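Asks: Right, I'll just put the structure down here and ask away after.
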There are 2 protein chains.
Amino acid sequence: LLSPVLTSSITEDLEVLVFLPKNNSYLFSRARVMPAILYAQSRLSEESGLYSGFHFNIHFENSDCVNDAVLTLVDRSCQQKPDLILGPVCEYEAAAVIRLASHWNIPVVSAGALAAGFSNKKGEYSHLTRIAPSYVKMAETFSAMFEHFTWKSALLVYEDDKEERNCFFTMEGIYHLMSDFNLKSYAISVEERLDTDSVLQNIHDTEVVIMCMGADRIREIMLAAHKRRFTSGNYMFFNVELFNASSYGNGSWKRGDKYDSDARQAYASLNTVTLLRTVKPEFENFSMEMKKSSEKAGLHDCKDCESVNMFVEGFHDAMLLYAIALHEAMKHGYTKSNGTEITARMWNRTFEGIAGQVSMDVNGDRNGDFSLMSMTDVEAGTYEVVANYFGENGTFQLLPAFSTEHFTLREKHIPHAEMA
Amino acid sequence: LLSPVLTSSITEDLEVLVFLPKNNSYLFSRARVMPAILYAQSRLSEESGLYSGFHFNIHFENSDCVNDAVLTLVDRSCQQKPDLILGPVCEYEAAAVIRLASHWNIPVVSAGALAAGFSNKKGEYSHLTRIAPSYVKMAETFSAMFEHFTWKSALLVYEDDKEERNCFFTMEGIYHLMSDFNLKSYAISVEERLDTDSVLQNIHDTEVVIMCMGADRIREIMLAAHKRRFTSGNYMFFNVELFNASSYGNGSWKRGDKYDSDARQAYASLNTVTLLRTVKPEFENFSMEMKKSSEKAGLHDCKDCESVNMFVEGFHDAMLLYAIALHEAMKHGYTKSNGTEITARMWNRTFEGIAGQVSMDVNGDRNGDFSLMSMTDVEAGTYEVVANYFGENGTFQLLPAFSTEHFTLREKHIPHAEMA
């Protein structure tokens, strides 16, 4: 019944619905990501290619990071349901779209929806494939470090905007994965004044402090910690900086104010976990094209214009991965309407993305590689990558710049007795 | 253009979609609430009545308290959108349905969706009318008491199941309304062992303890508080018991175990805030009919079989309120498709519900009346209503059984110095 067809004869028209914000303030705004999707479309349609029979009809719809996407999806779908949905990125908006898409048997590929909750693919998120490493994947890096250095406790300090909640979800990923460790959390509202005393009081009985918040607040906390002599090796400080890796490390301690010198010394104790970005020659052309598009769109205000960010890369690769899986499914006699089959073929596979190899785990989530950066020259205040974590095989690789001493706690803490 | 039509000529076919759980374990399960909706339908269709021209075509659809309702709504609505939606009750499921209904200009009336977030009718919940008093309405009772007795601080202790989250949302209502007071919260997971020591430690620097949890845990806490002599008038204890008022007060302290005597003495310090239920003669017939239906449906396992609960009453009245508003709108020349107009006419009005007068505020939320119960005979361990709060005019009425001494804090607490 399911007769294999000749590769050359596979042709299909495909309706793709892309949910990205029109608002330019996001790293994944339409103006930034659309060129990457069109770049992938153009490459896939090259006449000699395996996928030239696929004709992608791509509709870009707005995502407001609240509810726009699901309402648009519902309104459009009475006439014709899409074959593929790309995005949304924002967690709450994505949840509604993915639920409905899963119910309708439509594959969703997103470079967002990174929160721990989306890992559950048995139920409402069955048709979600995550083409960027989730927060839980990032947390594996900490888990590996904690094992390696035999740390047991951490305080998670994060800023919560109660809207996109990137830092909340980042920390939740750590909480989710590292439940065997002794973790406490400390949330700071975006509107509230930062009370560094209160933060530092909470550090007392932990070994490690992991922070996720804006650069200015990180600096405030590090300066306060330095003043209290918490930066002399008795605590380990980390911050997580996932989405603008390239702009970090050039001296985030430096502000040209009177605290620069103290900040530089304080930051000698601060280590940064960030995405490991690999680049292959082919990527240069893509990167150039993306820069040109950004300039054309007048995106001068962005933090990350100098490098292609993970969202741009991810949504490009989403098109490739879908084409590979659909092609394979159709070769086996399935149609584009079989979202379950196509989704399954996107999972548990490795393919060549625009920047390098992309490895998807059995649960349809991309394995992540992360770098650990430390200040290696305190005089100059410069950073280097000292270790890498490779998600596909779970290895933690120490680089020449790595110093064991730097990661050794000077003084072990005896937890305070509980207040009676 | 909008020509008024004669009252007698108003006829219309109306599609009503009702979302209630098939699962019998809820107070608002279909088997319990359906008879009330059908009772209302039958009364409305009485030939002599003002609304006899309305022909309600009522479809009962399942609500699983997760996502079923919105998926059903979407799937059904490509053919024909409903004119009115009743339910869902559960907060998360209701949110998705109300958002979509508001987007489609369809009125939603629910005896649930009681969380504070739904008060915001400017945006995504614009078409929601709440026919039962929300948690914020309940919180007005505490606010009035705190003003009256000049209390300033409270600890909110609640059980959180992370699913329906009734007690979480109950406490959130208090938090939302009473932000000017000094409130702390203490959550207990349903799975966790109850650590009464830890709860009582947190009471230290507050005057009032407000609890929302199962009767057994309330008893555990009260027994522990009694043992520590926290029940001698130096703290005020409250619990909130919204949905099975009638089953409370008959001696929830009594278990036939060796702790009964202690529990009875401890409960002398426990006051209960509960819904004030009024009953008019007409209600008796309704109540009898509901009981018959419950028995027919074999609902023997329910906690609240003896009285018609707020959900049953609310969904009955929802039909009346909609009929009144629609009739008025049509008299003014609007059609059933004008959800905004019909919704507006359900708000800021008072009408005769099945149990008594129902008052809707300008924001489309029902004003609530609540009772305060206290143990008035410690020897017998019996309770009485000692005060009532009337939401429509915000008055707090003391009854003869009320004792000022009972509500006077014996000893004012000096807050502990913050740990340095």
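The values are calculated or read from the model by the stated rules, or taken from the named source; none is laboratory data. Keep in mind that this is a model prediction, so the values were computed, not measured. Every residue, glycine as well, gets a Cβ built from its backbone with ideal geometry; the counts of neighbours run over all protein chains shown.
Asks: Yes or no: B:LYS122 basic (Lys, Arg), out of contact with any Phe, Trp or Tyr (no Cβ under 9 Å at 6 or more places or on another chain) and within 17 Å of B:ASN239 (Cα to Cα)?
Replies: On the way: basic (Lys, Arg): yes; out of contact with any Phe, Trp or Tyr (no Cβ under 9 Å at 6 or more places or on another chain): yes; within 17 Å of B:ASN239 (Cα to Cα): no.
Answer is no for this residue.
Asks: Ok, one more. Of all residues in the stretch B:315-328 being crowded, with 21+ Cβ neighbours inside 10 Å and touching a helix residue (DSSP H, G or I) at 6+ places or on another chain (Cβ under 6 Å), which is nearest to B:ALA36 (Cα to Cα)?
Replies: B:HIS316
Here's the yes/no breakdown for (1) within 14 Å of chain A (Cβ to nearest Cβ); (2) touching a Lys or Arg at 6+ places or on another chain (Cβ under 9 Å); (3) at negative phi:
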position	(1), (2), (3)
B:SER126	yes, no, yes
B:PHE146	no, yes, yes
B:THR206	no, yes, yes
B:HIS226	no, no, yes
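Asks: Report whether or not B:CYS78 is under 20 Å from B:ARG99 (Cα atoms), touching an Asp or Glu at 6+ places or on another chain (Cβ under 6 Å) and at pLDDT below 95.
Replies: Taking the combined requirement at face value, the residue does not satisfy it.
Asks: Which of the residues belonging to the stretch B:343-387 are under 19 Å from B:ASN309 (Cα atoms), surrounded by 15 or more Cβ atoms within 10 Å (Cβ to Cβ) and among the polar types (S, T, N, Q)?
Replies: Within the stretch B:343-387, B:SER359, B:ASN367, B:SER371 qualify.
Asks: Take the stretch A:75-102 and flag every residue that is within 10 Å of another protein chain (Cβ to nearest Cβ) and part of a helix (DSSP H, G or I).
Replies: Matches in the stretch A:75-102: A:ASP75, A:SER77, A:ALA95, A:ALA96, A:ARG99, A:LEU100, A:SER102.
Asks: Would you mention how many residues in the stretch A:207-223 are at pLDDT below 95 and more than 27 Å from the chain's Cα centre (by Cα)?
Replies: 0
Asks: Which is closer than 30 Å to A:CYS167 by Cα and either in contact with a strand residue (DSSP E or B) (Cβ under 6 Å, 6 or more places away or on another chain) or surrounded by fewer than 18 Cβ atoms within 10 Å (Cβ to Cβ) (or both), of A:LEU73, A:LEU100, A:LEU84?
Replies: On inspection, the qualifying residue turns out to be A:LEU84.
Asks: Let me ask something else about it. Report the residue count in the stretch B:111-126 for those that are of a type in the set (Ser, Thr, Tyr) and assigned to a loop (DSSP other than H, G, I, E, B).
Replies: 2
Asks: Output the number of residues of the stretch A:182-204 satisfying the condition of being within 14 Å of chain B (Cβ to nearest Cβ), hydroxyl-bearing (Ser, Thr, Tyr) and farther than 24 Å from A:PHE146 by Cα.
Replies: 2
Asks: Can you pull out the residues in the stretch B:274-286 that are farther than 29 Å from B:MET213 by Cβ and either touching a residue at least 60 places away in the same chain (Cβ under 8 Å) or surrounded by 13 or more Cβ atoms within 10 Å (Cβ to Cβ) (or both)?
Replies: Passing the criteria: B:LYS280, B:GLU282, B:PHE283, B:PHE286.
Asks: Another question, if that's okay. With respect to B:ARG193, is the statement that it is assigned to a helix (DSSP H, G or I) and over 29 Å from B:PHE390 (Cβ atoms) true? I'd like the intermediate steps shown before the answer.
Replies: Working: assigned to a helix (DSSP H, G or I): no; over 29 Å from B:PHE390 (Cβ atoms): yes.
The answer is no for B:ARG193.
Asks: Please state which one of B:TYR26, B:TYR39 is buried (at least 17 other Cβ atoms within 10 Å of the Cβ), touching a helix residue (DSSP H, G or I) at 6+ places or on another chain (Cβ under 9 Å) and modelled with pLDDT under 95. Even if it seems obvious, please write down each step before you answer.
Replies: Values: B:TYR39 fails: modelled with pLDDT under 95.
Exactly one of B:TYR26, B:TYR39 is buried (at least 17 other Cβ atoms within 10 Å of the Cβ), touching a helix residue (DSSP H, G or I) at 6+ places or on another chain (Cβ under 9 Å) and modelled with pLDDT under 95, namely B:TYR26.
Asks: Identify, please: which residue in the stretch A:97-128 is at pLDDT below 95 and touching a helix residue (DSSP H, G or I) at 6+ places or on another chain (Cβ under 9 Å) and is, among those, farthest from B:ASP75 (Cα to Cα)?
Replies: Among those that are at pLDDT below 95 and touching a helix residue (DSSP H, G or I) at 6+ places or on another chain (Cβ under 9 Å), it is A:GLY123.
Asks: Which condition does A:VAL66 not pass, out of (1) within 14 Å of another protein chain (Cβ to nearest Cβ); (2) at pLDDT 95 or above, if it passes all the others?
Replies: It is condition (2) that A:VAL66 fails.
Asks: Those residues that are assigned to a loop (DSSP other than H, G, I, E, B), more than 25 Å from A:LEU275 (Cβ to Cβ) and of a type in the set (Lys, Arg), I need them from the stretch A:328-359; list them, please.
Replies: Selection gives A:LYS336 alone.
Asks: Checking A:ILE58 against (1) more than 13 Å from chain B (Cβ to nearest Cβ); (2) crowded, with 20+ Cβ neighbours inside 10 Å; (3) of a type in the set (A, V, I, L, M, F, W, C), which test does it fail?
Replies: All conditions are met except number (2).
Asks: While we're here: Hey, among B:ASN250, B:ASN271, B:ASN239, B:ASN244, which residue is more than 14 Å from every other protein chain (Cβ to nearest Cβ), at pLDDT below 90, on the phi < 0 side of the Ramachandran plot and surrounded by 17 or more Cβ atoms within 10 Å (Cβ to Cβ)?
Replies: After applying the criteria, what remains is B:ASN244.
Asks: Among the residues of the stretch B:287-299 satisfying the criterion of being under 22 Å from the mean Cα position of the chain (by Cα), outside any loop (DSSP other than H, G, I, E, B) and in contact (Cβ under 8 Å) with a residue 60 or more places away in the chain, which is surrounded by the most Cβ atoms within 10 Å (Cβ to Cβ)?
Replies: Applying the filter and picking the extreme gives B:MET290.
Asks: Please work out which residue is farthest from A:CYS90 (Cα to Cα), limiting yourself to the stretch A:44-74 and to residues that are part of a helix (DSSP H, G or I) and touching a helix residue (DSSP H, G or I) at 6+ places or on another chain (Cβ under 8 Å).
Replies: Initially, the stretch A:44-74 is screened for residues part of a helix (DSSP H, G or I), giving A:44, A:68-74.
Checking the rest, the ones that are also touching a helix residue (DSSP H, G or I) at 6+ places or on another chain (Cβ under 8 Å) come to A:44, A:68-71, A:73-74.
On the way: A:LEU44: 27, A:ASP68: 11, A:ALA69: 10, A:VAL70: 12, A:LEU71: 15, A:LEU73: 16, A:VAL74: 18 Å.
The residue in question is A:LEU44.
Asks: Quick one: what pairs do we get from the stretch A:169-195, first residue closer than 24 Å to A:CYS90 by Cα, second polar (S, T, N, Q) and in a loop (DSSP other than H, G, I, E, B), C-beta under 8 Å, 6+ apart or different chains?
Replies: A:GLY173/A:SER134
Asks: Still on this model: With (1) within 17 Å of B:THR129 (Cβ to Cβ); (2) among the polar types (S, T, N, Q); (3) within 11 Å of chain A (Cβ to nearest Cβ) as the list, and B:ASN105 as the residue in question, which single condition is left unmet?
Replies: Of everything listed in (1) within 17 Å of B:THR129 (Cβ to Cβ); (2) among the polar types (S, T, N, Q); (3) within 11 Å of chain A (Cβ to nearest Cβ), B:ASN105 misses just condition (3).
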